[in-house]
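What follows is a set of notes on a single structure, which appears directly below.
The values are calculated or read from the model by the stated rules, or taken from the named source; none is laboratory data. Values in this document were obtained by computation on a predicted structure and should not be read as measured data. For neighbour counting, all protein chains shown are included, and Cβ atoms are generated from backbone atoms with ideal geometry for every residue, glycine included. What goes into the accessible areas is simple: the full protein's heavy atoms, side chains included, and nothing from ligands, DNA or RNA. Shrake-Rupley method; radii C 1.70, N 1.55, O 1.52, S 1.80 Å.
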Amino acid sequence: MSEKISLQLKVNGRDYTVRVAPNARLLDVLRDELMLTGTKEGCGIGECGACTVIMDGQAVNSCLVLAAAAEGKEIITIEGLEQDGRLHPLQEAFIKHNALQCGFCTPGMIMSAKALLDKNPHPTRAAIRAAIAGNLCRCTGYEQIVAAIEDAATHMAGRE
Ligand code: FES
Ligand code: FES
């Protein structure tokens with residue numbers, strides 16, 4: 001068995017030190033070491049997007065990222081979105097538009113949407129669809145999800 005390695009990770013603005021196997025995935029470290037279980041595992045092979053987090057501004061599948069590769073990067077998970085007990089506008093919009101049913105895809109979907117809106121605050125419907133193309137939802141049919149992201153973008157633009 002390989003020796004564990006020590007890593008410094010910055011997640012949701014907080015610094016953590018963890019000792020993990022060299023081949024530990026970021027997904028497992030988030031869920032099992034940091035107890036940030038909002039990030040979900042669906043396929044484990046980069047196909048479903050349930051494990052999406054933001055790393056240095058990019059939406060990434062955390063099942064495909066070695067934890068060691070996340071050292072020195074800024075990681076944001078779904079738990080990092082609420083501020084002072086208030087849901088993020090994307091979270092509020094998903095509730096308002098009934099954009100979730102079982103909810104398993106939702107954290108990943110919202111993280112992909114956040115990465116989009118951080119770069120492009122006024123996306124077209126096509127840009128929204130492209131941004132969530134790697135996030136599979138077996139429940140909703142996607143229409144409500146696209147509407148929620150559009151609504152959140154409008155709401156956030158109104159705050160600027
Ligand atoms: S669990 Fe990572 S893409 Fe499906
Ligand atoms: S709400 Fe169930 S998979 Fe999307």
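Counting helices only, and only those DSSP H runs with n ≥ 4, report the 222 nm mean residue ellipticity of the chain as the sum of -39,500 (n - 2.57) divided by its residues, in deg cm²/dmol to the nearest 500.
Estimated from H runs of four or more residues: -9000 deg cm²/dmol.
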#### Entry: FRET efficiency estimate (nearest 0.05) - Cβ-Cβ, residue 32 to residue 8, R0 22 angstrom
0.80
### Query
Hey, what's the Kirkwood Rh for region 89-158 if you take every pair of different alpha carbons, in angstrom?
11.6 Å
## Note on the structure
When the charge dipole of region 89-158 is computed with +1 at the Cβ of Lys and Arg and -1 at the Cβ of Asp and Glu, the Cα pointing farthest to the positive end, of 106, 93, 147, is that of 106
### Task
Would you kindly find the accessible area of residue 6, with a 1.4 Å probe and non-protein molecules such as ligands, DNA and RNA excluded, rounding to the nearest 10 Å²?
60 Å²
## Note on the structure
Each label sits 7 Å from Cα toward the beta-carbon; between residue 56 and residue 127 the label points are separated, in nm, by 2.3 nm
### Query
Considering region 3-98, what Rg and Dmax in Å follow from its alpha-carbon atoms?
13.7, 48
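Can you tell me what share of the DSSP beta bridges in the chain is antiparallel? A percent to the nearest 5 is fine.
Details: 15 of 17 bridges.
Once the DSSP bridges in the chain are tallied, antiparallel ones form about 90 percent.
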## Note on the structure
Comparing 69, 148, 115 in a Gaussian network model of the chain (Cα, 10 Å), the one with the largest mean-square fluctuation is 69
### Summary
FRET efficiency (residue 119, residue 69; Cβ distance; R0 22 Å; to 0.05) is 0.55
### Task
Have a look at 75, 20, 9 and report the one farthest towards the positive end of the charge dipole of region 1-136, computed about the Cα centre with Cβ charges (Lys/Arg +1, Asp/Glu -1).
75
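With r defined as the distance between the Cβ atoms of residue 87 and residue 143 and R0 fixed at 22 Å, what FRET efficiency is calculated, to the nearest 0.05?
Numbers: r = 22 Å, r/R0 = 0.98.
Calculated value: 0.55.
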### Task
Report, ordered by chain and residue number, the aspartates and glutamates lying within cross-link reach of residue 96, taken as a straight Cα distance under 17 Å and ignoring same-chain residues fewer than 8 apart.
82, 143, 150, 151
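In the chain, what is the volume of the convex hull around the alpha carbon atoms, normalised per residue and reported in Å³? Each step should come with its number before you reach the end.
Numbers: hull volume 17.6 nm³, N = 160.
Dividing the Cα hull volume of the chain by its residue count gives 110 Å³.
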#### Entry: Between region 46-94 and region 1-37, the Cα center-to-center distance that results, in Å
15 Å
### Task
Please build a GNM for the chain, connecting alpha carbons under 10 Å apart, and tell me which residue among 21, 68, 113 fluctuates the most.
21
#### Entry: the chain - percent relative contact order, Cα under 8 Å, separation 6 or more
23 percent
### Task
Excluding residue 73 itself, calculate the net charge of residues whose Cβ lies under 11 Å from the Cβ of residue 73, where each Lys or Arg counts +1 and each Asp or Glu counts -1.
-2
